[in-house]
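K.L.:
The structure follows.
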Amino acid sequence: NTAQQVTNTPKKPDIQSIVDRIKNGKATRIVVLTGAGISTGAGIPDFRSPTTGLYDKLAPLGLPYPEAIFHINYFSHTPEPFYAIARARHPGNLKPTVTHAFLALLAKKNLLHFLFTQNIDGLEQDAGVPADKVLWTHGNWKSQHCYKCKAHYPDDLMRKAIGAGEVPYCLQDECGGAVKPDVVFFGQSLPIEFEKRQKEVLEADLMLVMGTSLKVAPCSRLPCLVREGVPRILINNEKAGDLGNRGEDVCMFGTCDDGVRRLADALGWREELETLWADA
Ligand code: APR
């Protein structure tokens, strides 16, 4: 009965099964969740990778703990450390990676149902992902306000402050609050659109999770919303969350850029991908 056992055990899905699903039109509502790991190739370190991640480099700033640098309570009395690292995190004129281009290619092929990014660098939109297909769950650098009175602060003055590593202060008399980019700090709530968009995950017929340790809620809970039977692909240097625990999950361990290139090769999209990336 060993032969019987072998035929009965369901075949563990692999990349080819995902590629076939996309090729024969069974995956047209792909939901994607991305994190800092898709921008390391663009020159922005992630947070938690050992030695190269930001959180391993903050000791000189004397923080109570690394994530305090992004906590609203700490920022309200000590904004200097955030501005000491702001320039290194600000996208400036960085080029998107081929992984960002792959997201734009999915959108171009009408396969991107929705993209949740935890990143604040905005490189997805720079690569060509339409604004109505992406939610910056943790905000982005595109605007800034006084953390205290919420008054808007001019973009040119903000760019100067970031470049100089200095704290910009509110221009309103008697306020004196520090100005903060419209990035969601720990202790703050996500954009209200986040709740509304969770239905996109419920409608997904494929989920792609890339470049995230899935350590921060509520984004870390999104992969669990995927319906049973819908494949979830992880492209990441390491295991993340419960990806790999479901029968249909496929884990591609390694860099995001290599992973999307492997998918593009198997899908016959490689040339289109490289052209899209070159033009980004
Ligand atoms: N290719 C594939 N995986 C990578 C790459 C790469 N080039 N670079 C890093 N990784 C992986 C790391 O192994 C790690 O699992 O990406 C993940 C990055 O995890 P984090 O540094 O924790 O970043 P992220 O998951 O986006 O953090 C979530 O935490 O600090 C807060 O608000 C901040 O949005 C951030 C949130």
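K.L.:
As an exercise: evaluate Phe194 against (1) more than 16 Å from the ligand (Cβ to nearest atom); (2) over 23 Å from Ile85 (Cα atoms); (3) not aliphatic (A, V, I, L, M) and give the number of the one condition it does not meet.
P.N.:
All conditions pass for Phe194, except number (1).
K.L.:
Follow-up. Would you please list the contacts, defined by Cβ atoms under 7 Å and residues six or more apart or on different chains, that run from a residue in the stretch 189-207 that is in contact (Cβ under 8 Å) with a residue 12 or more places away in the chain to a residue that is open to solvent by 40 Å² or more (accessible area, probe 1.4 Å) and basic (Lys, Arg)?
P.N.:
Close Cβ pairs satisfying both conditions: Leu202/Arg227; Glu203/Arg29; Ala204/Arg29; Asp205/Lys26; Asp205/Arg29; Leu206/Arg21.
K.L.:
Can you pull out every residue in the stretch 130-176 that is among the charged types (D, E, K, R) and in contact (Cβ under 8 Å) with a residue 60 or more places away in the chain?
P.N.:
As a first pass, look at the stretch 130-176 and keep what is among the charged types (D, E, K, R): 132-133, 142, 148, 150, 155-156, 159-160, 166, 173-174.
Listed by number, the residues that qualify are Lys148, Glu166.
K.L.:
Scan the stretch 113-133 for residues that are away from the ligand (no atom under 16 Å from the Cβ) and open to solvent by less than 30 Å² (accessible area, probe 1.4 Å) and report the count. Don't jump to the end; show me each part of the working.
P.N.:
Here is the first cut: in the stretch 113-133, the residues away from the ligand (no atom under 16 Å from the Cβ) are 113-114, 125-126, 128-133.
Now restrict to residues that are open to solvent by less than 30 Å² (accessible area, probe 1.4 Å): 114, 129.
Result for the stretch 113-133: 2.
K.L.:
Which residue out of Thr52, Thr117, Thr40, Thr78 is over 30 Å from Arg270 (Cβ atoms) and among the β-branched types (Val, Ile, Thr)? Before the answer, list the steps.
P.N.:
On the way: Thr52 fails: over 30 Å from Arg270 (Cβ atoms); Thr117 fails: over 30 Å from Arg270 (Cβ atoms); Thr40 fails: over 30 Å from Arg270 (Cβ atoms).
Result of the check over Thr52, Thr117, Thr40, Thr78: Thr78.
K.L.:
Filter the stretch 203-232 down to residues that are more than 16 Å from the ligand (Cβ to nearest atom) and either in a loop (DSSP other than H, G, I, E, B) or β-branched (Val, Ile, Thr) (or both) and give me whichever is surrounded by the fewest Cβ atoms within 10 Å (Cβ to Cβ).
P.N.:
Within the stretch 203-232, the subset more than 16 Å from the ligand (Cβ to nearest atom) is 203-206, 225-231.
Pick out the ones that are also either in a loop (DSSP other than H, G, I, E, B) or β-branched (Val, Ile, Thr) (or both) and you get 204-205, 226-231.
Values: Ala204: 23, Asp205: 19, Val226: 21, Arg227: 11, Glu228: 7, Gly229: 9, Val230: 18, Pro231: 21.
Taking the candidates together, the pick is Glu228.
K.L.:
Further question on the same structure: Please find, within the stretch 122-139, the residue that is modelled with the lowest pLDDT out of those that are assigned to a loop (DSSP other than H, G, I, E, B) and more than 9 Å from Pro96 (Cβ to Cβ).
P.N.:
Here is the first cut: in the stretch 122-139, the ones assigned to a loop (DSSP other than H, G, I, E, B) are 122, 128-130, 137-138.
Of the ones still in play, those that are also more than 9 Å from Pro96 (Cβ to Cβ) are 122, 129-130, 137-138.
Details: Gly122: 93, Val129: 98, Pro130: 98, Thr137: 98, His138: 98.
Residue satisfying both the conditions and the ranking: Gly122.
K.L.:
Can you pull out the residues in the stretch 21-73 that are open to solvent by 40 Å² or more (accessible area, probe 1.4 Å), more than 9 Å from the ligand (Cβ to nearest atom) and β-branched (Val, Ile, Thr)?
P.N.:
Within the stretch 21-73, Thr28, Thr51 qualify.
K.L.:
Shifting gears a bit: Kindly evaluate Asp132 against the criterion of being among the acidic types (Asp, Glu) and under 19 Å from Cys219 (Cα atoms). Let's see the steps before the verdict.
P.N.:
On the way: among the acidic types (Asp, Glu): yes; under 19 Å from Cys219 (Cα atoms): yes.
So Asp132 passes the test.
K.L.:
Something else about it: Please go through the stretch 233-280 and give me each residue that is of a type outside the set (A, V, I, L, M), touching a helix residue (DSSP H, G or I) at 6+ places or on another chain (Cβ under 9 Å), in a helix (DSSP H, G or I) and within 16 Å of the ligand (Cβ to nearest atom), ordered by number.
P.N.:
Cys256, Asp257, Gly259, Arg261, Arg262, Trp277, listed by residue number.
K.L.:
Further question on the same structure: For Asn110, all conditions in the list (1) modelled with pLDDT under 95; (2) assigned to a loop (DSSP other than H, G, I, E, B); (3) loosely packed, with under 14 Cβ neighbours inside 10 Å hold save one; what is the number of the exception?
P.N.:
Result: Asn110 fails condition (1) only.
K.L.:
Just checking, does the stretch 134-146 include any residue being of a type in the set (Phe, Trp, Tyr) and either open to solvent by less than 30 Å² (accessible area, probe 1.4 Å) or over 24 Å from the mean Cα position of the chain (by Cα) (or both)? Show your work before the answer.
P.N.:
Step one: filter the stretch 134-146 for residues of a type in the set (Phe, Trp, Tyr), giving 136, 141.
Remaining after also requiring either open to solvent by less than 30 Å² (accessible area, probe 1.4 Å) or over 24 Å from the mean Cα position of the chain (by Cα) (or both): 141.
Yes.
The values are calculated or read from the model by the stated rules, or taken from the named source; none is laboratory data. As the structure is a prediction and not an experimental result, all values here were calculated from the model. In this analysis, Cβ positions are derived from the backbone assuming ideal geometry, glycine residues included, and neighbour counts consider all displayed protein chains. The area values use the complete protein model at the heavy-atom level, side chains included, leaving out ligands, DNA and RNA. Shrake-Rupley method; radii C 1.70, N 1.55, O 1.52, S 1.80 Å.
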